[in-house]
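S.K.: What follows is a single structure, and I will ask about it in a moment.
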Amino acid sequence: QVQLVESGGGLVQPGGSLRLSCAASGIMLRSNAIAWYRQVPGNQREWVAGIRSIGTTNYADSVKGRFTISRDNTKNTVYLQMNSLKPEDTADYYCKVVYGGSSYWGQGTQVTVSS
């Protein structure tokens, strides 16, 4: 059974940093593409960043240069380092993996950027 658990969210001031974690069980993240999404209540879920099994990464234009996605194969965990945070980054953040034709999501972690 595939399970994803996000953590690391919280309240941070504009310009601050947070690191989100997505820990997986039932699947080897190094063999699959993983993505981070975010969602503001009432809005559609928005793709933020992705990392492929070979390690290549991609970012939404809104976070390019500020966010970094990475993977620790020994911990079977994917991270999202978020720097220079802005109020518009406030959202619930989710990780997602597609495996065996099904999409799996974590429960999300809340990020609030506010002074």
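S.K.: Hey, can you tell me all the residues within segment 1-17 that are open to solvent by 40 Å² or more (accessible area, probe 1.4 Å), within 8 Å of Val113 (Cα to Cα) and either part of a loop (DSSP other than H, G, I, E, B) or in contact with a Leu (Cβ under 6 Å, 6 or more places away or on another chain) (or both)?
M.R.: Selection gives Gln13, Pro14.
S.K.: Among the residues of segment 94-102, are any open to solvent by less than 30 Å² (accessible area, probe 1.4 Å) and either within 23 Å of Ser115 (Cα to Cα) or not in a strand (DSSP E or B) (or both)?
M.R.: No, segment 94-102 contains no residue that is open to solvent by less than 30 Å² (accessible area, probe 1.4 Å) and either within 23 Å of Ser115 (Cα to Cα) or not in a strand (DSSP E or B) (or both).
S.K.: Then there's this: Would you check if Gln44 is surrounded by fewer than 16 Cβ atoms within 10 Å (Cβ to Cβ) and at pLDDT 95 or above?
M.R.: When the stated conditions are applied, Gln44 passes them.
S.K.: On the basis of being part of a strand (DSSP E or B), crowded, with 18+ Cβ neighbours inside 10 Å, touching a Phe, Trp or Tyr at 6+ places or on another chain (Cβ under 8 Å) and hydroxyl-bearing (Ser, Thr, Tyr), does Tyr37 make the cut?
M.R.: yes
S.K.: Please determine whether any residue of segment 58-72 is of a type in the set (A, V, I, L, M) and part of a loop (DSSP other than H, G, I, E, B).
M.R.: Yes - at least one qualifying residue is present in segment 58-72.
S.K.: Ok, one more. Determine which member of the set Ser70, Ser114, Ser102 is modelled with pLDDT of 95 or more, farther than 18 Å from Glu6 by Cβ and of a type in the set (S, T, N, Q).
M.R.: None of the others qualify; the one that does is Ser114.
S.K.: Determine which member of the set Asp61, Asp72 is acidic (Asp, Glu), over 12 Å from Leu20 (Cα atoms) and open to solvent by less than 70 Å² (accessible area, probe 1.4 Å).
M.R.: One residue alone meets the criteria, Asp72.
S.K.: Filtering segment 76-93 down to residues that are assigned to a strand (DSSP E or B) and farther than 16 Å from Leu29 by Cβ, which residue is nearest to the chain's Cα centre (by Cα)?
M.R.: That would be Tyr93.
S.K.: Within segment 48-69, does at least one residue satisfy the condition of being within 20 Å of Tyr99 (Cα to Cα) and in contact (Cβ under 8 Å) with a residue 40 or more places away in the chain?
M.R.: Taking every residue of segment 48-69 in turn, at least one turns out to be within 20 Å of Tyr99 (Cα to Cα) and in contact (Cβ under 8 Å) with a residue 40 or more places away in the chain.
S.K.: Follow-up. Just give me the residues in segment 75-90 being buried (at least 16 other Cβ atoms within 10 Å of the Cβ) and at negative phi, in sequence order.
M.R.: Correct list: Thr77, Val78, Tyr79, Leu80, Met82, Leu85, Asp89, Thr90.
S.K.: Go through the residues of segment 49-70 one by one and say whether even a single one is on the phi < 0 side of the Ramachandran plot, over 14 Å from the mean Cα position of the chain (by Cα) and of a type in the set (A, V, I, L, M).
M.R.: yes
The values are calculated or read from the model by the stated rules, or taken from the named source; none is laboratory data. Just so you know, these numbers come straight off a predicted model, no measurement behind them. Neighbour counts are summed over all protein chains in view; Cβ atoms, including those assigned to glycine, are modelled from backbone coordinates with ideal geometry. The protein model used for the area step is the full one, side chains on, heavy atoms only, and it has no ligands, DNA or RNA in it. Shrake-Rupley method; radii C 1.70, N 1.55, O 1.52, S 1.80 Å.
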